[in-house]
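Asks: Okay, handing you the structure first.
FYI, it's all coordinate maths here, none of it is from the lab. All values derive from a computational prediction rather than experimental measurement. Note that we place each Cβ from the backbone using ideal geometry, even for glycine, and neighbour counts take in every protein chain shown.
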Amino acid sequence: MEELFKLIIELITNKMTGLSLVDEDCGQLEAGIEEDAYPVTFPCVLIGNLEADWTNVGMGAQKGQVQFSVRLAVDCYDDTHYGSGTESKVAERLQMANSLYTALQCFRPFGYMSPMIRTKSRFYSMPGGIKVYEYIFSFTIHDESALLSQRRESVS
């Protein structure tokens with residue numbers, strides 16, 4: 001999974017060049033402006049909430065149904081009400097959110113996993129004029145790492 005996480009960060013960074021931060025989601029947005037909080041700059045993408053349900057395939061191998069979230073957070077300092085002259089900022093934010101979705105939809109870096117598919121999305125606001133565009137992606141993965149370690153132990 002660690003290699004997959006690295007590839008997802010690289011993919012998003014390469015596809016969305018206007019981002020100031022792409023990182024693991026460690027609750028940075030919810031931490032607020034506390035002095036000890038991890039600094040967040042905008043726009044940013046945070047990747048986290050990894051969850052997997054596993055079933056045994058046999059001989060130490062497992063199949064997992066994996067879900068994870070990606071959150072695009074954007075500061076909304078522009079006044080976008082009708083007649084403000086900056087109504088297009090809403091469309092720009094939505095285009096950026098769609099770029100995040102299209103970067104990951106059907107991404108399949110390894111043959112032992114299925115393509116990533118968006119299963120849920122939600123858009124919400126946070127205090128401080130922050131808009132969050134969250135997507136949940138799902139994929140299946142075949143994990144033989146325990147099988148391989150068992151083989152090494154039996155050879156020793």
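Asks: What is the local net charge at Thr55, summed over the other residues whose Cβ is closer than 12 Å to its Cβ (Lys, Arg +1; Asp, Glu -1)?
Replies: Around Thr55, the charge tally is -1.
Asks: Can you list the HN-Hα couplings for the stretch 99-113, worked out from phi with the Karplus curve (6.51, -1.76, 1.60; θ = phi - 60°), rounded to whole Hz and with x for Gly and Pro?
Replies: Once θ is set to phi - 60°, the couplings for the stretch 99-113 become 4, 5, 4, 5, 5, 9, 4, 6, 5, 8, x, 10, x, 8, 9 Hz.
Asks: Right, next: Excluding Met1 itself, calculate the net charge of residues whose Cβ lies under 13 Å from the Cβ of Met1, where each Lys or Arg counts +1 and each Asp or Glu counts -1.
Replies: Neighbourhood net charge equals -4.
Asks: Same structure, new question: Please work out the FRET efficiency for the pair Thr119 and Asp23, using the Cβ-Cβ distance as r and a Förster radius of 30 Å; give the result to the nearest 0.05.
Replies: Working from the Cβ atoms, E equals 0.85.
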